[in-house]
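Here's the structure we're looking at; comments come further down.
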Amino acid sequence: MATMAKHAVLSAGAAAWASLACARSQLRLDLTLGCGQTFRWRETGDGHWTGVMGGRVWTLTQTDDRLWYHAYGAHPDVHTEEDNREGKGKACGSVQQLNKSEIKRRKVNVKAEERDEPVTVAVKREAEEDMLVDYFQLHVDLEGLYREWSLADPHFKHIANIFTGIRMLRQDPTECLFSFICTSNNHISRIQGMVENLCRSLGRPLWELDGTTYYDFPPLSALADGKVESLLRDLGFGYRARFLQQSAKQILENHGPDWLQGLRSTPYLQARDALRSLPGVGIKVADCACLMSLDKADAVPVDTHVWQIAKRDYKCAAGSAQKTLTDKVHRDIGDFFRQLWGPYAGWAQSVLFCADLKKFQKLKEMLSVKLEDDNKDSLPIKKAKIKMEKQETVNKTEKPRSVRHKKAKLAAQKK
DNA sequence: CAACGACCTCG
DNA sequence: GAGGTCGTT
């Protein structure tokens, strides 16, 4: 075996790292990567997070005003001397190719002379920076959004004092959808292991660090294979094994490999209903995929937990009469939060969701014990409630969305 | 539209 | 029971 490569550590020297300007108010790695929107990152060192993104292995960490990153291995098509020297790591298989014209465009635009470095290094750095900006959606001013949400919602403002920098990732649609199919009737700790097993057994190996091999998320073609259900059942996926294989197969047969990606430019409700035609994808999972990978910032995934938050912290009447989380309750709670928080309601919801996770309760104890205002409704909250009451009568005319017909196939196979 | 049982497994 | 979905009543 070759020399064992180790996870990069910033304190060991910044030479192997690059960084971009990013205040903690714009991004908190620990909360953003640990709040359950992705299951692919682990804290591999103090404040250092390692995971797979865009077909590469990364370690990330941050200081007060910068986000530091190290991407392992050569960037596709851009080989530098540095990469060759740094080749202690074990590359596994081939890496995905970057569009050649894109490389050329970057080479032209980069001002390498200013940095006094080879053009190839600058090109590599810029490509990596672009990937991070896209993945973390750093063009979105989170601080500004927090200000707006706090203005409309005193409870949010209260929570936001501690839970800063929680932003929505822009994940790969396949990874996001199939990860969330695994979440049904399941805890977060187990889901992590399942997604890891999914990647290890069906994904392409990318890189090895400290004895851990990192794998890419499997492509649809691998998930759709007929042997996948029994394979995953053996790995403890339970009834979700069939959902995963059948959904992948159905996407490829009925739509094609680029279909999920294409839903990014489809309107929210239309994209959500399209996803719901897949086995194992109900309204909650579809909303997660919409919010976290398909650019639908107003999608609000409502689970039992969010339902509790709506009732407990907002005295939201929607669905309080029902005992179960029906489609109508989903819609009403989602509409309530959209009315309150606006077009990025899904982002705001993730902040409150994160603040309620058991693993982050230590942080919450730092909140001042009580504010007088907490039990009073702000004007915007009142408006949201009034609006809900009005829609109570108006909504009856809305046509129910029926997406059941396509799912019949699966039941028929169920022996 | 609402409620209910079943579905797999076990961080 | 768990961050849900599906088929039936």
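The values are calculated or read from the model by the stated rules, or taken from the named source; none is laboratory data. These numbers come from a predicted model, not from an experiment. Quick reminder, even Gly has a Cβ in these numbers, built from the backbone with ideal geometry, and neighbours come from all protein chains shown. The protein model used for the area step is the full one, side chains on, heavy atoms only, and it has no ligands, DNA or RNA in it. Shrake-Rupley method; radii C 1.70, N 1.55, O 1.52, S 1.80 Å.
Is it the case that some residue within segment A:277-296 is within 10 Å of DNA strand C (Cβ to nearest atom), surrounded by 16 or more Cβ atoms within 10 Å (Cβ to Cβ), basic (Lys, Arg) and within 30 Å of A:Asp258 (Cα to Cα)? Among the residues of segment A:277-296, at least one is within 10 Å of DNA strand C (Cβ to nearest atom), surrounded by 16 or more Cβ atoms within 10 Å (Cβ to Cβ), basic (Lys, Arg) and within 30 Å of A:Asp258 (Cα to Cα), which makes the answer yes. Pairs are defined by a Cβ separation below 6 Å, a sequence spacing of at least 6 or placement on different chains, a first member in segment A:307-329 that is part of a loop (DSSP other than H, G, I, E, B), and a second member that is within 12 Å of DNA strand B (Cβ to nearest atom) and of a type in the set (Gly, Ala, Ser); no pair meets this definition.
Evaluating A:Asp46 against the criteria (1) at pLDDT below 95; (2) open to solvent by 50 Å² or more (accessible area, probe 1.4 Å) leaves one unmet condition, (1). Any residue at all in segment A:221-235 that is within 14 Å of DNA strand C (Cβ to nearest atom), surrounded by fewer than 23 Cβ atoms within 10 Å (Cβ to Cβ) and part of a loop (DSSP other than H, G, I, E, B)? No, there is no match, as no residue in segment A:221-235 is within 14 Å of DNA strand C (Cβ to nearest atom), surrounded by fewer than 23 Cβ atoms within 10 Å (Cβ to Cβ) and part of a loop (DSSP other than H, G, I, E, B).
Residue-by-condition table, conditions (1) more than 22 Å from A:Arg42 (Cα to Cα); (2) aliphatic (A, V, I, L, M); (3) touching a strand residue (DSSP E or B) at 6+ places or on another chain (Cβ under 9 Å):
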{"position": "A:Gly165", "(1), (2), (3)": "no, no, no"}
{"position": "A:Arg170", "(1), (2), (3)": "no, no, no"}
{"position": "A:Glu196", "(1), (2), (3)": "no, no, yes"}
{"position": "A:Arg200", "(1), (2), (3)": "no, no, yes"}
{"position": "A:Leu206", "(1), (2), (3)": "no, yes, yes"}
{"position": "A:Leu223", "(1), (2), (3)": "yes, yes, no"}
{"position": "A:Gln250", "(1), (2), (3)": "yes, no, no"}
{"position": "A:Gly256", "(1), (2), (3)": "yes, no, no"}
{"position": "A:Gly262", "(1), (2), (3)": "yes, no, no"}
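The single condition among (1) surrounded by 19 or more Cβ atoms within 10 Å (Cβ to Cβ); (2) away from DNA strand C (no atom under 13 Å from the Cβ); (3) part of a loop (DSSP other than H, G, I, E, B) that A:Ala299 does not meet is (2).
Among the residues of segment A:157-171, are any away from DNA strand C (no atom under 12 Å from the Cβ), closer than 30 Å to A:His139 by Cα, surrounded by 17 or more Cβ atoms within 10 Å (Cβ to Cβ) and free of Cβ contacts under 8 Å to residues at least 40 places away in the same chain? The answer is yes; a qualifying residue exists.
Taking every residue in segment A:127-145 that is among the polar types (S, T, N, Q) and pairing it with any residue that is modelled with pLDDT of 95 or more and surrounded by 14 or more Cβ atoms within 10 Å (Cβ to Cβ), at least 6 positions away or on another chain, the pairs with Cβ-Cβ distances below 8 Å are A:Gln137/A:Arg167; A:Gln137/A:Met168; A:Gln137/A:Leu169; A:Gln137/A:Arg170. Selection of segment A:251-296 for residues being more than 16 Å from DNA strand B (Cβ to nearest atom), of a type outside the set (D, E, K, R), closer than 18 Å to A:Gly346 by Cβ and part of a loop (DSSP other than H, G, I, E, B) yields A:Thr266, A:Pro267, A:Leu294.
Residue by residue, here is whether (1) more than 10 Å from DNA strand C (Cβ to nearest atom); (2) farther than 20 Å from A:Cys35 by Cα; (3) buried (at least 18 other Cβ atoms within 10 Å of the Cβ) holds:
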{"residue": "A:Val306", "(1), (2), (3)": "no, no, yes"}
{"residue": "A:Tyr314", "(1), (2), (3)": "yes, yes, yes"}
{"residue": "A:Arg338", "(1), (2), (3)": "yes, yes, yes"}
{"residue": "A:Gly342", "(1), (2), (3)": "yes, yes, no"}
{"residue": "A:Gly346", "(1), (2), (3)": "yes, no, yes"}
{"residue": "A:Val351", "(1), (2), (3)": "yes, no, yes"}
{"residue": "A:Ala355", "(1), (2), (3)": "yes, no, yes"}
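In the condition set (1) more than 26 Å from A:Cys22 (Cβ to Cβ); (2) touching a Lys or Arg at 6+ places or on another chain (Cβ under 9 Å), A:His155 is compliant with all but (2). Count of segment A:226-250 residues, restricted to those that are of a type in the set (Ser, Thr, Tyr) and within 7 Å of DNA strand B (Cβ to nearest atom), is 1. Kindly provide the set of residues from segment A:186-217 that are open to solvent by 20 Å² or more (accessible area, probe 1.4 Å) and over 19 Å from the mean Cα position of the chain (by Cα), ordered by number. Matches in segment A:186-217: A:Arg200, A:Ser201, A:Leu202, A:Arg204, A:Pro205, A:Trp207, A:Glu208, A:Asp210, A:Gly211, A:Thr212, A:Thr213.
For A:Tyr135, state whether it is crowded, with 16+ Cβ neighbours inside 10 Å, over 19 Å from A:Arg312 (Cβ atoms) and touching a strand residue (DSSP E or B) at 6+ places or on another chain (Cβ under 7 Å). Against the criterion (crowded, with 16+ Cβ neighbours inside 10 Å, over 19 Å from A:Arg312 (Cβ atoms) and touching a strand residue (DSSP E or B) at 6+ places or on another chain (Cβ under 7 Å)), A:Tyr135 qualifies. From the list A:Gln246, A:Gln261, the lone residue that is open to solvent by 50 Å² or more (accessible area, probe 1.4 Å) and either touching a residue at least 60 places away in the same chain (Cβ under 8 Å) or charged (D, E, K, R) (or both) is A:Gln261. For segment A:290-328, residues that are farther than 23 Å from A:Pro380 by Cα, over 21 Å from the mean Cα position of the chain (by Cα) and among the polar types (S, T, N, Q) total 3.
Working only within segment A:193-217, note down all residues that are touching a Gly at 6+ places or on another chain (Cβ under 9 Å) and either over 19 Å from A:Ile181 (Cα atoms) or in contact (Cβ under 8 Å) with a residue 24 or more places away in the chain (or both). Those that are touching a Gly at 6+ places or on another chain (Cβ under 9 Å) and either over 19 Å from A:Ile181 (Cα atoms) or in contact (Cβ under 8 Å) with a residue 24 or more places away in the chain (or both): A:Met194, A:Asn197, A:Arg204, A:Pro205, A:Leu206, A:Trp207, A:Glu208, A:Leu209, A:Tyr214, A:Tyr215, A:Asp216, A:Phe217.
Looking only at segment A:181-237, residues that are of a type in the set (A, V, I, L, M, F, W, C) and closer than 30 Å to A:Ala8 by Cα come to 11 in all.
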